[in-house]
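Engineer: Starting off with a structure, shown below.
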Amino acid sequence: MAKQKSSYSGESITVLEGLEPVRKRPAMYIGSTDIYGAHHCLTEIIDNSTDEALAGFAKNVWVTIHKDNSVTVIDDGRGIPIDLMPQYKKSALEIVMTRLHAGGKFDSKNYKVSGGLHGVGASCVNALSDALTVQVKREGKIYEQKYKIGHPLADVKPIGKISESDSLKNGTKTTFHLDQTIFSTIAFDFETVKKSLRNRAYLIRGIFFHLKDERSETDGVCNFYFEGGIKSLTEHLNRNKGPLHEPIYMDKEEGDLAVEIAIQYNDTINENVEGFVNVIPTPEGGTHLTGFRSALTRAINDYGKKIGAFKNGDDAVTGEDVKEGLTAVIFVKMPGDKVQFEGQTKAKLGNAEIQTFVQTNLKTFLEQYFEENPSVAKRILEKGYLAAKARLAAKAAKDAVLRKGALDGASLPGKLADCQEKRSENSELYIVEGDSAGGSAKQGRDRKFQAILPLGGKILNTERARLDKIIAFEELKDLITALGMGIGETINIEKLRYHRVIIMCDADVDGQHITTLLLTFFYRHLPSIIENGYLYIALPPLYKITVGKQMGYAYSEDEKDEVIAEIKALAHAGPNTVVNMQRYKGLGEMNPEQLWETTMNPTNRSLKKVNIEDAEHSDEVFTMLMGDEVPPRKRFIQQHAKLANLDI
């Protein structure tokens with residue numbers, strides 16, 4: 001985008017309302033008060049600096065995580081205005097930092113493109129920080145103001161002059177420490193921040209992003225700079241996959257709207273599409289993704305008809321078909337004051353005009369690209385056509401199974417010991433490894449709300465499996481039937497029969513392998529179960545520890561000594577007392593009472609909730625661990641071999 005030539009001063013700042021609501025209801029402004037909310041706060045400050053880069057005024061953004069989990073963000077942009085706003089008799093800097101909806105982003109003359117919360121971000125972070133300091137370099141001087149929970153401790157004042165030797169003549173430096181009475185944790189995750197900055201470096205070509213984590217003594221420094229932009233990001237997303245062609249790249253600007261799109265198909269059956277609006281990721285999609293998908297499907301179909309690949313309308317590929325093996329990045333840039341996000345945390349774009357803008361321009365571009373690159377066009381067409389054939393074969397297989405009633409909710413699998421509760425929100429399904437453990441679980445459960453489905457050994461690796469193959473696999477067919485929500489194009493999360501689906505496997509290598517196979521199945525084929533927070537992993541104990549008549553359980557190696565000490569204290573035992581430890585090799589070694597007490601009783605049990613924190617990284621890990629490419633998996637094993645805890 002072209003650099004803006006307008007002035008940026010106190011007159012550019014608009015004020016709408018005060019700050020008090022933020023501390024009362026922080027989740028309304030930052031989504032949550034856990035680590036996700038903490039990262040959201042950091043993102044808001046980073047976005048203010050990124051906006052300066054998008055507008056053409058900054059070349060560097062520095063982020064430093066300090067040992068006390070405070071963070072400093074610096075840019076070499078223009079610096080927040082510090083001049084007096086006559087109507088408020090306060091510095092523009094103070095107004096920006098202490099009032100909601102105060103900032104230069106409400107006026108598109110100042111920021112043609114912006115990613116922050118339109119002036120809400122900095123003030124929200126200030127309100128939720130027990131200490132925040134802003135230093136501004138402008139007009140040869142350094143200005144500073146300090147705050148506590150959103151309140152300035154003194155007026156904005158100059159604290160020095162910028163020396164001739166200072167390489168940074170202009171810019172803003174913000175240091176903040178989040179209020180631990182608000183947040184459950186403020187321990188920023190280095191990898192999350194690293195990915196966020198890396199994505200911004202991909203999206204904004206020619207900008208340097210620097211990250212330093214002072215908490216780390218070894219691997220805490222990263223620098224990102226990419227000339228290739230989103231083409232490089234697309235290639236990065238396709239690591240460990242077999243790309244079918246070079247990235248297809250489109251860059252279109254009309255008036256105050258711009259879009260960049262990169263497309264690259266690979267030889268897998270999984271899709272990885274990422275959308276951004278002004279560097280803000282939109283994991284829930286929106287109008288830009290809708291326009292993209294429509295244009296891609298129509299362009300592929302039109303090309304197929306033009307070259308005679310489709311004999312009739314029934315041969316056309318669908319939107320689902322063109323998803324197979326698709327990797328793409330859609331990056332929309334538009335005036336910040338015109339962006340309409342659905343929800344405060346900007347997960348989904350709502351601007352209707354963007355759908356038309358993306359769809360029209362991409363369709364025109366692809367028509368010409370396919371004409372000029374017929375070999376690439378035919379590869380993509382063939383990929384979609386094979387997906388369509390597989391879809392029809394899977395539908396035929398599924399219909400055959402349905403005719404036999406095997407997926408009908410009225411005929412649940414014989415191995416399933418269902419619960420009495422009919423309300424999904426109160427029901428849970430234990431997926432148990434082996435008939436022996438399944439028998440103990442069936443006897444030990446609370447049959448009012450706990451259902452048990454035993455699996456007979458390892459299941460199919462579904463990383464690259466299509467629907468017909470999945471349905472043909474007996475164990476997976478039983479699982480799909482028990483869940484009741486369908487699979488493929490018939491999925492309906494509202495029909496899920498259990499709102500806690502719990503994987504319960506042995507605490508050994510085989511058990512971990514089965515858990516990984518099940519996670520692969522849910523992630524690739526029933527992701528809505530994970531997205532809605534319904535998938536869990538049970539944590540059975542590793543040890544039964546007995547001292548005299550006192551008994552307890554340890555769920556990890558680290559916990560073992562602590563449990564022994566507690567039991568000794570309860571038994572009033574001395575140093576030489578005999579401690580009996582039983583190492584559980586499998587769930588089948590526990591009798592029903594022990595299994596209930598340690599692993600299934602809601603009062604005592606420990607469950608791990610499965611979340612998708614980073615979709616890109618999750619996709620990469622599943623591809624690497626469960627895909628066909630051996631070298632990346634071999635490297636992973638070599639790098640992490642010393643971390644493995646093998647019970648041999």
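Engineer: Which residues' amide hydrogens lie under 5 Å from the amide hydrogen of residue 462, considering only partners 5 or more residues apart or on another chain, with H built in the peptide plane?
Structural biologist: Residues meeting the criterion, in which the H sits 1.01 Å from N, are 521.
Engineer: For segment 434-507, what class follows from the C-alpha gyration tensor (a ≥ b ≥ c being the square roots of its eigenvalues): rounded when a/c is under 1.5, otherwise prolate if a/b is larger than b/c, else oblate?
Structural biologist: Oblate, because a/c is 1.5 or more while a/b does not exceed b/c.
Engineer: In addition: Using amide H atoms built 1.01 Å from N in the peptide plane, name the residues 5+ places from residue 129, or on other chains, whose amide H lies under 5 Å from its own.
Structural biologist: 149, 150, 179
Engineer: Let me ask you something else. Which length gain, in nm to one decimal place, applies between residue 195 and residue 290 when the Cα-Cα distance is subtracted from 0.36 nm times their residue separation? Present the calculation step by step, with values, prior to reporting the outcome.
Structural biologist: Details: separation 95, 0.36 × 95 = 34.20 nm, distance 2.52 nm.
Gain on stretching residue 195 to residue 290: 31.7 nm.
Engineer: Cα-Cα over 27 Å: which of 422/608; 137/212; 89/137; 89/148; 395/608; 477/608? Please report the intermediate quantities before stating the final value.
Structural biologist: On the way: 422/608 24 Å; 137/212 22 Å; 89/137 21 Å; 89/148 21 Å; 395/608 35 Å; 477/608 25 Å.
The answer is 395/608.
Engineer: Let me ask something additional. Mind giving me the FRET efficiency for residue 318 and residue 565? R0 is 51 Å, r the Cβ-Cβ distance, nearest 0.05 is fine.
Structural biologist: About 0.25, to the nearest 0.05.
Engineer: Next question. When the Karplus curve 6.51 cos²θ - 1.76 cosθ + 1.60 is applied with θ = phi - 60°, which whole-Hz ³J(HN,Hα) does each residue of segment 588-596 get, with x for Gly and Pro?
Structural biologist: x, 6, 8, 7, x, 5, 5, 5, 5
Engineer: Sorted by packing (mean other beta-carbon atoms within 10 Å per residue), highest first, where do 481-490, 327-336, 602-611 land?
Structural biologist: Numbers: 481-490: 18.5, 327-336: 24.9, 602-611: 12.7.
Descending packing order for the listed peptides: 327-336, 481-490, 602-611.
Engineer: Sticking with this one: Label-point separation (nm) for residue 340 and residue 621, each offset 7 Å from Cα along Cα-to-Cβ?
Structural biologist: Result: 3.8 nm between the two label points.
Engineer: Let me ask you something else. 7 Å from Cα along Cα→Cβ at both residue 364 and residue 389: what's the point-to-point distance in nm?
Structural biologist: Roughly 3.6 nm, to one decimal.
Engineer: Which of the lysines could a cross-linker span from residue 568 if the Cα-Cα distance has to be under 25 Å and same-chain partners fewer than 8 positions apart are dropped?
Structural biologist: In chain and number order, the partners are 544, 549, 560, 585.
Engineer: Accessible area per residue, 1.4 Å probe, Å², for the chain: what's the number? Let's see the in-between values first.
Structural biologist: Details: 29600 Å² over 648 residues.
Dividing the accessible area of the chain by its residue count gives 46 Å².
Engineer: Determine the gain in length on full extension of the stretch residue 305-residue 513; use 0.36 nm per residue of separation and subtract their C-alpha separation, reporting nm with one decimal.
Structural biologist: Stretched out fully, the residue 305 to residue 513 stretch lengthens by 70.3 nm.
Engineer: Separate question: Would you please put 263-272, 563-572 in order of how densely packed they are, using the mean number of other Cβ atoms within 10 angstrom per residue and starting with the highest?
Structural biologist: Answer by packing, highest mean first, reads 263-272, 563-572.
Engineer: Quick one, what does Rg over Rh come out to for segment 251-398 if you take C-alpha atoms and the Kirkwood Rh?
Structural biologist: Rounded to two decimals, Rg/Rh equals 1.00.
Engineer: Could you give the nm distance between label points at residue 635 and residue 491, where each point is 7 Å from its Cα heading toward the beta carbon?
Structural biologist: In this crude spin-label approximation the distance works out to 3.0 nm.
Engineer: Out of all Cα-Cα pairs in segment 323-388, roughly what percent, to the nearest whole number, are more than 19 Å apart?
Structural biologist: Cα-Cα pairs of segment 323-388 separated by over 19 Å account for 52 percent.
Engineer: Go through segment 515-526 residue by residue and turn each phi into a ³J(HN,Hα) via Karplus (6.51, -1.76, 1.60, θ = phi - 60°); whole Hz please, and just put x for glycine and proline.
Structural biologist: 4, 5, 5, 5, 4, 4, 4, 5, 5, 7, 10, 9
Engineer: For a quick check: with amide H placed at 1.01 Å from N, whose amide H comes under 5 Å from residue 327's, ignoring anything fewer than 5 positions away on the same chain?
Structural biologist: It is 264, 265, 266, 272, by chain and number.
Engineer: Give me Rg/Rg_expected for segment 540-584, where Rg uses Cα atoms only and Rg_expected = 2.2 N^0.38 Å with N residues.
Structural biologist: Normalised by 2.2 N^0.38 Å, the Cα Rg of segment 540-584 equals 1.03.
Engineer: A follow-up question, please. Under the 0.36 nm per residue contour assumption, what length would be gained going from the current alpha-carbon distance of residue 469 and residue 28 to full extension?
Structural biologist: Net length gain for the segment: 154.3 nm.
Engineer: I've got another one for you. Using the alpha carbons of segment 420-461, what is the convex hull volume per residue in cubic angstrom, as a whole number? All intermediate terms of the calculation are to be shown ahead of the outcome.
Structural biologist: Working: hull volume 2.8 nm³, N = 42.
Per residue, the Cα convex hull of segment 420-461 comes to 66 Å³.
Engineer: If you keep only loop residues by DSSP, which GluC sites (Glu not before Pro) in segment 131-199 have at most 13 other Cβ atoms within 10 Å of their Cβ?
Structural biologist: 139, 164
Engineer: Run lengths n ≥ 4 of DSSP H only: what is the helix-derived mean residue ellipticity at 222 nm for the chain, with -39500 (n - 2.57) per run over all residues, to the nearest 500?
Structural biologist: Result for the chain, helices only: -11000 deg cm²/dmol.
Engineer: Going from most exposed to least, what order do 619, 508, 337 have by accessible area with a 1.4 Å probe? Could the numbers behind the result be given before it?
Structural biologist: Values: 619 5, 508 45, 337 70 Å².
So the residues, ranked largest to smallest area, are 337, 508, 619.
Engineer: When the Cα atoms of segment 157-201 are enclosed in a convex hull and the volume is divided per residue, what value in Å³ results? Before the final figure, lay out each step's value.
Structural biologist: Numbers: hull volume 6.9 nm³, N = 45.
Cα-based convex hull of segment 157-201, divided per residue, equals 152 Å³.
Engineer: For segment 159-175, just list the computed ³J(HN,Hα) in residue order, Karplus coefficients 6.51, -1.76 and 1.60, θ = phi - 60°, integers in Hz, with x standing in for Gly and Pro.
Structural biologist: Result, ordered by residue: 10, x, 9, 7, 6, 4, 7, 6, 6, 9, 8, 9, x, 10, 10, 10, 10 Hz.
Engineer: Within segment 201-299, report the trypsin sites (Lys or Arg not before Pro) that DSSP leaves as loop and that have at most 15 other Cβ atoms within 10 Å.
Structural biologist: On the way: sites: 205, 212, 215, 231, 239, 241, 252, 293, 298; in loops: 205, 215, 239, 241.
The qualifying sites are 205, 215, 239.
Engineer: Check cross-link reach from residue 378 to the lysines: straight Cα distance under 18 Å, and skip same-chain residues fewer than eight apart.
Structural biologist: Qualifying lysines at Cα under 18 Å: 305, 306, 311, 323, 363, 389.
Engineer: What FRET efficiency comes out for the pair residue 549/residue 458, r = Cβ-Cβ distance, R0 = 45 Å, nearest 0.05?
Structural biologist: After rounding to 0.05, the efficiency reads 0.65.
Engineer: Next up: At each listed q (0.08, 0.10 Å⁻¹), what is the log10 of I(q)/I(0) that the Debye formula gives for the chain modelled as equal alpha-carbon point scatterers?
Structural biologist: Relative scattering, expressed as log10 I(q)/I(0), comes to -0.74, -1.07.
Engineer: Report in % the part of the accessible area of the chain that belongs to carbon and sulfur, leaving out ligands and nucleic acids; probe 1.4 Å. Intermediate values should be presented prior to the final figure.
Structural biologist: Values: 14500 of 29600 Å².
Accessible surface attributable to carbon and sulfur in the chain totals 49 percent.
The values are calculated or read from the model by the stated rules, or taken from the named source; none is laboratory data. Quick caveat, the model's predicted, so the values are computed rather than measured. Neighbour counts are summed over all protein chains in view; Cβ atoms, including those assigned to glycine, are modelled from backbone coordinates with ideal geometry. Side chains included, ligands, DNA and RNA excluded: accessible areas come from the protein's heavy atoms. Shrake-Rupley method; radii C 1.70, N 1.55, O 1.52, S 1.80 Å.
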